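Student: Input: one structure, supplied below.
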Amino acid sequence: MSDMFSTQEQPQTEIDLAAAEALLGTDADRFRHDYLEVRGLRVEFDGFVAVRDVDLTVTQGDLRFLVGPNGAGKTTLIDAVTGLVRATGSVSFGRTELLGRSTHRIARAGVGRTFQTASVFEELTVLQNLDIAAGARRRPLTLLRRRQDTPEAVERALETVGLTALRDVPAGVLAHGQKQWLEIGMLLVQDAHLLLLDEPVAGMTQAEREETGALLRRIGSQRVVVVVEHDMEFLRSFADSVTVMHQGRVLAEGTVNEVQNDPAVVEVYLGAPAAESGAAPAKPATTEGDLP
Amino acid sequence: MNVFTALLRPGRARTLAAFGLAAAVLLLAPMVLSPFRLDLLAKFLCLAMVAVGIGLAWGRGGLLTLGQGVYFGLGAYLMAMHLKLADAGPGGVPDFMLLYGTGQVPGWWEPLRSPVSAIVLILLVPAGLAALLGWAVFTRRVRGAYFAILSQALAAAFAILLIGQQQTTGGTNGLNGFRAFFGYDLADPLNKQMLYLIAAGALLVMVAVVRQLSVSRFGELLVAVRDQEDRVRFLGYDPAAVKVVAYAVAAVMAAVGGALFVPIAGIVSPADVGVVPSIGFLIGVAIGGRATLLGPVLGSIAVSWAQTSISEQFPSGWIYFQGALFILVIAFLPGGLASFAGKLRRRRAAAAPGDAGASGDAARDHELVPERSPA
Ligand SMILES: Nc1ncnc2c1ncn2[C@@H]1O[C@H](COP(=O)(O)OP(=O)(O)OP(=O)(O)O)[C@@H](O)[C@H]1O
Ligand SMILES: [Mg+2]
């Protein structure tokens, strides 16, 4: 049902970077330099250590990609930062220690995330989705009133992610890519300063990927952004830097080129010694990993 | 946007019309019904108040409140205690305490002597209990079936507690034999009519409150919490707070229903507050359509009416009938009868050419959910 609507009846949607500019520009501290600092992070599930000894520093203006084979612990790392799973070590953002806080407090400290599977409020309209995302700081009593007009930030976000024409459509009928854009829009109106995106372009068409990448670069120049992604072409086009995880640890970190030529990374991805890496790669060892 | 165009918006116009019609029917009832039937209807309206609250908590908020008998019972018993004390006169002792008890009024009854504090307590005690319990449960992320079982266990415990306290709560017999309601003689048919009108008015107010909550930002948030609790949390809200509000509002509505039930029915006993009535409340809501505004009210009244007429003919048949009805609705019409009406409307809309919009589709069985914003 949803795909039918998106391809036939709905107008073509497009990312609007100018609107993103207006949205990001409303930020009063636009030149504040936030950074995410993770130290000695460890997450354990009933004795199984999913993340261990992870150190990670991501600054504003450095669009960071987090890659690694399935089960490397990428999602778990995001879960730990956002308070979904218990972790030890330290995670700080803008001088605020996040570990030990509850999820909604972490969100209020300016941390936003998306999920591996697009999770929007399907029964609510696009506009309602964004309005809720924009509203966590509203005073309780204002919640008891009906929304009279669209908040400015929501309007800008609608333009940014190209959903203005679909504002009154229930989010459930959006195409997959549009849902993921809606999620990014929600992060923007939520005014998150640290954005953790778990596979934001999975299932998108090539054109949609390009647009999303450009938007993420735009956001990344003024926010701290971490993107988990398996698609290596996307990574090569848009990443400023890359962190490779494997079996819960950070395996390598650096620019795309540095990481691609790291023997340890090549071995993990190809299951073979680095010698093979120069030529066209053999079948990847993991289902989705397609590094060099 | 002026008031006039606001009133003419399709959603609002329909709701207002339905509301007006319901008010007219309720106000006309005293003229056409015999005092006995009117009394019966008044009782049904009190039970429907519980349903309105469940519609909010369960229909919009997804909280399977299987223990509303507790809040209905709290309201009812607090009111009954006040009526007993008022009947006994200043400093007097309720009759049943002289018969079964020590002949002394226990200290915890005393605050109910004054009419004002009785009314305040009827509203505050259930709200407080629901908030406390809700907070404890929802912050521990107890949900779904676990919450349902917990609230049901509470209803069972409450009934058992009441039965055990023969001297102070009347035990299995409950409290009965009230003579007056805030000074008005309950034997006077005119006062009974007044009670009916109070119940009808209270019910209409509750429906209006739920409607306002549903179309407000809070209502949108409640639906969001119901469908994607974690997502809401990652946006910086505490879903527990949202649920507590819905749960407490439902509790207060149940309590007011209980409080008005007492002078109308003339009795409240543990049989009105335990597990079975708690499930009964839910059934009416499920049948009517839990996610709609009027579904719970109409469903609840219809079920009460069916219960009365079926029990008149087959005294023990009702419980089986009720069970069968519940299973049928859950299995074949999960959105309740209201969704049936919605389906018909859509079919007609689909038949009319060029009218099947994409936007109406996901709104499906939740008529109130995507209230279109003024464009
Ligand atoms: N709640 C949990 N309980 C137990 N084990 C878990 C839990 N969540 C994740 N794991 C385990 O932790 C490891 C890391 O999982 P994680 O989801 O972080 O991997 P990932 O890098 O995101 O992989 P993918 O690329 O497939 O999304 C996996 O072995 C997974 O099975
Ligand atoms: Mg993952």
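Every read-out reported here was derived from the displayed coordinates using simple, explicitly stated rules and does not represent laboratory data. Note that the coordinates shown come from a computational prediction; the quantities given were computed from them, not determined experimentally. We place every Cβ from the backbone using ideal geometry, glycine too, and count neighbours over all the protein chains shown.
Student: Would you mind getting the Kirkwood hydrodynamic radius of segment A:57-198 from its Cα pairs, rounded to one decimal in Å?
Tutor: Its Kirkwood hydrodynamic radius stands at 16.3 Å.
Student: Separate question: Could you list A:His230, A:His176 so that the one with the fewest beta carbons within 10 Å of its beta carbon is first and the one with the most is last?
Tutor: A:His176, A:His230
Student: Defining a contact as two alpha carbons under 8 Å apart and six or more residues distant in sequence, what relative contact order in percent does segment B:12-271 show?
Tutor: That works out to 42 percent.
Student: Oh, and also: For the charge dipole of chain B, defined by +1 on Lys and Arg C-beta atoms and -1 on Asp and Glu C-beta atoms about the Cα centroid, which residue among B:Leu85, B:Val120, B:Leu298 has the Cα displaced farthest towards the positive pole?
Tutor: Of the candidates, B:Leu298 comes out farthest on the positive side.
Student: Between B:Leu99 and B:Phe340, what is the spin-label point distance in nm, taking each point 7 Å from the Cα along the Cα→C-beta axis?
Tutor: Between B:Leu99 and B:Phe340, the label points sit 4.5 nm apart.
Student: Let me ask something else about it. Using the crude model of +1 on Lys and Arg Cβ and -1 on Asp and Glu Cβ, and no other charge, please compute the dipole size for the protein assembly as shown relative to its Cα centre, in debye to 20.
Tutor: 2320 debye
Student: Something else about it: Amide H of A:Val250 versus every other amide H placed in the peptide plane: which residues, excluding those fewer than 5 positions away on the same chain, fall under 5 Å?
Tutor: A:Asp55
Student: With 10 angstrom as the radius, rank A:Arg86, A:Arg139 by how many other C-beta atoms surround their C-beta, starting from the fewest.
Tutor: Least crowded to most crowded, the residues run A:Arg139, A:Arg86.
Student: Net charge near A:Thr255: determine it from the other residues with C-beta under 14 Å of the C-beta of A:Thr255, scoring Lys and Arg +1 and Asp and Glu -1.
Tutor: With Lys, Arg at +1 and Asp, Glu at -1, the neighbours total -3.
Student: I want the local charge near B:Arg179. Using Cβ-Cβ distances under 12 Å, sum +1 for each Lys or Arg and -1 for each Asp or Glu among the other residues.
Tutor: -3
Student: I would also like to ask the following. Count neighbours as other Cβ atoms within 10 Å of each site's Cβ, and list the trypsin sites (Lys or Arg not before Pro) in segment B:77-171 that are DSSP loop with at most 15 such neighbours.
Tutor: Passing both the DSSP loop test and the Cβ count: B:Arg140, B:Arg141.
Student: On a straight-distance basis, which lysines could pair with B:Lys43 in a cross-link, Cα separation under 28 angstrom, same-chain partners fewer than 8 positions away excluded?
Tutor: B:Lys84, B:Lys192
Student: If we count other beta carbons within 10 Å of each Cβ, what is the order of B:Tyr320, A:Tyr269, fewest first?
Tutor: Working: B:Tyr320 11, A:Tyr269 25.
Arranged by neighbour count, lowest to highest, B:Tyr320, A:Tyr269 become B:Tyr320, A:Tyr269.
Student: What is the mean number of Cβ atoms from other protein chains located within 10 Å of the Cβ atom of each residue in peptide B:220-227, rounded to a whole number?
Tutor: Neighbouring Cβ atoms belonging to other protein chains average 6 per residue here.
Student: Related question: Could you state the per residue volume, in Å³, of the convex hull enclosing the Cα atoms of segment B:12-271?
Tutor: Values: hull volume 32.9 nm³, N = 260.
Here the figure is 127 Å³ per residue.
Student: Relative to the compact globular guide of 2.2 N^0.38 Å, what is the alpha carbon radius of gyration of the protein assembly as shown, as a ratio?
Tutor: In units of the 2.2 N^0.38 Å rule of thumb, it is 1.14.
Student: Now, a different point. For segment B:12-271, with only Lys/Arg (+1) and Asp/Glu (-1) charged at the beta-carbon, what is the dipole magnitude about the Cα centre, in debye rounded to 20?
Tutor: With Lys and Arg at +1 and Asp and Glu at -1, about 740 debye.
Student: Also, quick follow-up: Would you kindly derive the ³J(HN,Hα) couplings of segment B:30-44 from the backbone phi angles with the Karplus curve 6.51 cos²θ - 1.76 cosθ + 1.60 (θ = phi - 60°), listing them in order in whole Hz, with x for Gly and Pro?
Tutor: Taking θ as phi minus 60°, the curve returns x, 7, 10, 9, 5, x, 4, 5, 5, 4, 4, 4, 4, 4, 4 Hz for segment B:30-44.
Student: To the nearest whole number, what is the average tally of beta carbon atoms from other chains within 10 Å of the beta carbons of peptide A:114-126?
Tutor: 5
Student: Nearest 0.05, what FRET efficiency do A:Asp55 and A:Arg145 give at R0 = 45 Å with Cβ-Cβ as r?
Tutor: About 0.45, to the nearest 0.05.
Student: Separate question: Using alpha-carbon positions, what is the distance between the centroids of segment B:144-173 and segment B:208-242, in Å?
Tutor: So the two Cα centres are separated by 30 Å.
Student: Sticking with this structure for a sec: Can you give me the C-alpha center-to-center distance between segment B:252-303 and segment B:52-66, rounded to a whole angstrom?
Tutor: Each part's Cα centre sits 13 Å from the other's.
Student: Still on this model: Given H placed 1.01 Å from N in the peptide plane, which residues other than close sequence neighbours of A:Val169 have an amide H under 5 Å from its amide H?
Tutor: When sequence neighbours closer than 5 places are left aside, the close amide H contacts are A:Val126, A:Leu127.
Student: Taking the Cα centre of segment B:147-261 as the origin, how large is its charge dipole in debye, to the nearest 20, when only Lys and Arg (+1) and Asp and Glu (-1) carry charge on their Cβ atoms?
Tutor: 60 debye
Student: What ranking, highest mean first, results for peptides B:265-275, B:195-205 when packing means the other Cβ atoms within 10 Å averaged over each residue?
Tutor: B:265-275, B:195-205
Student: Report the net charge of residues surrounding A:Thr103, where surrounding means a beta-carbon distance below 13 angstrom and charges are Lys +1, Arg +1, Asp -1, Glu -1.
Tutor: Values: positive: A:Arg86, A:Arg101, A:Arg105, A:Arg108, A:Arg113, B:Arg141, B:Arg231, B:Arg233; negative: A:Asp79, B:Glu229, B:Asp230, B:Asp238.
Neighbourhood net charge equals +4.
Student: Okay, moving on. Just tell me how shielded A:142-154 is by partners: mean number of partner chain Cβ atoms within 10 Å of each residue's Cβ, no decimals.
Tutor: Mean shielding by partner chains, rounded to a whole number: 4.
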